[in-house]
Number of protein chains: 2
Amino acid sequence: MQTLVIVSHPALADSNVQRFLWESLPAEGATWHHLESVYPDGQIDRETEQQQLLQYDRIIFQFPFYWYSSPALLKQWQDVVLTEGFAYGPDRSRLSGKEFGLIVALGVNEREYQAGGKEGFTISELTRPYQAMARKCGMSYLPTLVVSQFGYLSDSKRKELLIAYQQYLSKENDASLKTAENWFRLQLQKVGKSGLSEEDQRLVEQLVSLMEDNREQLDDLAWTLGQMDGSQLG
Amino acid sequence: MQTLVIVSHPALADSNVQRFLWESLPAEGATWHHLESVYPDGQIDRETEQQQLLQYDRIIFQFPFYWYSSPALLKQWQDVVLTEGFAYGPDRSRLSGKEFGLIVALGVNEREYQAGGKEGFTISELTRPYQAMARKCGMSYLPTLVVSQFGYLSDSKRKELLIAYQQYLSKENDASLKTAENWFRLQLQKVGKSGLSEEDQRLVEQLVSLMEDNREQLDDLAWTLGQMDGSQLG
């Protein structure tokens, strides 16, 4: 799967969370496309952008939540690039069947985004315009990845964020344990090849092997349960 | 009441609906502020904009609905002008108590903006970010004025739009018949002063007088009903 991460942030270098995400980018399969760097004059190249979009399976908008939406340049990108005849219209959208998701960085705690919270509305409510956009373009909408108050995250929470980010960019959109296992196994196998000590390599191989054994047991159990249900129902 | 109409449209001269609204602007009490004309280079002057906002009771964003939101320059305006300490923050917002509203021009029929319609979501759902903004700034949110498919409007529908637009900018936010009457009377009185023929002036005076008589009768009726209710309840 190929993922395009369209990042919009007017002062990227000053953002700790954006730097962390940049450093967490998977080595393969994901392209980082920071609009303010590519278009410092704000003049977006429609043709180049449209051709680029066609090469990806998953398209992500990643930005700080400014006034409950993106910075202006990403909005400009939407208005320039997602034209009638390309992104929607009487003919089939050229983006049809792709996946679309948001990665939103919040300055306040996500808890405030609810009725009774300081912000009053949920992230799902406030991002309706993106949901409507994905819908019009025939793209399937992924659950949003929210990063809230990065500065206060503990080291272990940051490690969780790193995993969540990499999964958001490269894991099949499927909440099953099996898909998560497959994704982890793939990551562990990649690690195994990249110059670890022999001891660490053995550890990684053991982890992979353990996960595979667990999976086989779970599959057996599921099969047995299936048989029992079948005999009871029959 | 003083109203600031912040207009965002990257090609205003080509827009029939925006020209119509410009020509429909009330003679007094409303200021037209077209961002793309004032800031062709996109460099918004925070200080000037903030000072300007303080002089108005009602603040309107008027724009074509591009990807379920405003053109980029209005988003830029929000991010530059509505700063912490001015528009929100631990101290009282400088905008607190003002009224805020949207005038949104749609290219498709408003009917499509509902579950099951082509756009899938209502205008109220899609404009949540503005509702959250008004809420954070302590401004009261007016019902949105939607102008849909201006090109197809009949002459009489355009006249209705003209009245609706002028009321949106200058009428007290109150759905009562009495407030509407007061607004019309004020408009008619202004007309009376502006060089009509004697015959037309008499007509206008008669209309105003008729409306005042109607109002007196309605007030009497309301008073009588109130007395009856009181005696029955007592």
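The values are calculated or read from the model by the stated rules, or taken from the named source; none is laboratory data. Computed from a predicted model, the values in this text were never measured in an experiment. When we count neighbours, we look across all protein chains shown, and the Cβ atoms used for this are built from the backbone with ideal geometry, even at glycine. Keep in mind that these areas ignore ligands, DNA and RNA; they rest on the heavy atoms of the full protein, side chains included. Shrake-Rupley method; radii C 1.70, N 1.55, O 1.52, S 1.80 Å.
Details
- Looking only at residues in segment A:38-48 that are of a type in the set (D, E, K, R) and part of a loop (DSSP other than H, G, I, E, B), the one that is most open to solvent (accessible area, probe 1.4 Å) is A:Asp41.
- Test set (1) farther than 30 Å from A:Leu106 by Cα; (2) open to solvent by 40 Å² or more (accessible area, probe 1.4 Å) - A:Leu162 fails condition number: (1)
- Figure legend. Inter-residue proximity from segment B:175-192: first residues in the same structural domain as B:Asn214 (by TED's automatic domain parsing), second residues crowded, with 16+ Cβ neighbours inside 10 Å and at pLDDT 80 or above, beta-carbon distance below 7 Å, spacing 6+ or different chains. Indicated pairs: B:Thr179/B:Lys171; B:Trp183/B:Gln167; B:Trp183/B:Lys171.
- Flag if A:Phe121 is free of Cβ contacts under 8 Å to residues at least 60 places away in the same chain, farther than 21 Å from B:Arg128 by Cβ and either within 14 Å of another protein chain (Cβ to nearest Cβ) or surrounded by fewer than 22 Cβ atoms within 10 Å (Cβ to Cβ) (or both): no
- Per-region count, segment A:171-213, residues open to solvent by 40 Å² or more (accessible area, probe 1.4 Å), of a type outside the set (A, V, I, L, M, F, W, C) and in a helix (DSSP H, G or I): 17
- Being among the charged types (D, E, K, R) and within 14 Å of chain B (Cβ to nearest Cβ) is a property that A:Asp91 lacks.
- Test result for A:Arg135, part of a helix (DSSP H, G or I), over 26 Å from B:Val108 (Cβ atoms) and either open to solvent by less than 40 Å² (accessible area, probe 1.4 Å) or among the basic types (Lys, Arg) (or both): no
- When B:Tyr168, B:Tyr113, B:Tyr152 are checked against the criterion of being farther than 20 Å from A:Ile123 by Cα, among the aromatic types (Phe, Trp, Tyr) and in contact with an Asp or Glu (Cβ under 8 Å, 6 or more places away or on another chain), B:Tyr113 stands alone in meeting it.
For (1) assigned to a helix (DSSP H, G or I); (2) within 13 Å of chain B (Cβ to nearest Cβ); (3) among the β-branched types (Val, Ile, Thr), each residue gets a yes or a no:
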residue: A:Ser96; (1), (2), (3): no, no, no
residue: A:Ala105; (1), (2), (3): no, no, no
residue: A:Ala115; (1), (2), (3): no, yes, no
residue: A:Glu125; (1), (2), (3): yes, yes, no
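- Just one of (1) in contact with a Phe, Trp or Tyr (Cβ under 9 Å, 6 or more places away or on another chain); (2) open to solvent by 40 Å² or more (accessible area, probe 1.4 Å); (3) part of a loop (DSSP other than H, G, I, E, B) fails for B:Asp91. It is (1).
- Qualifying positions in segment A:61-88 - open to solvent by less than 30 Å² (accessible area, probe 1.4 Å) and away from chain B (no Cβ under 11 Å): A:Phe61, A:Gln62, A:Phe63, A:Phe86
- Among residues of segment A:94-117 being without any contact (Cβ under 8 Å) to a residue 12 or more places away in the chain and surrounded by 13 or more Cβ atoms within 10 Å (Cβ to Cβ), the one that is farthest from A:Gly138 (Cα to Cα) is A:Gly117.
Matching residues to (1) part of a strand (DSSP E or B); (2) within 29 Å of A:Glu172 (Cβ to Cβ); (3) modelled with pLDDT under 95:
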| residue | (1), (2), (3) |
| --- | --- |
| A:Glu36 | no, no, no |
| A:Gln50 | no, yes, no |
| A:Leu53 | no, yes, no |
| A:Phe61 | yes, yes, no |
| A:Lys75 | no, no, no |
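- Looking only at residues in segment B:138-158 that are over 24 Å from B:Leu4 (Cα atoms) and in a loop (DSSP other than H, G, I, E, B), the one that is farthest from the other protein chains (Cβ to nearest Cβ) is B:Ser154.
- For segment A:11-28, filtering for residues that are at pLDDT 95 or above, assigned to a loop (DSSP other than H, G, I, E, B) and surrounded by 13 or more Cβ atoms within 10 Å (Cβ to Cβ) leaves 2.
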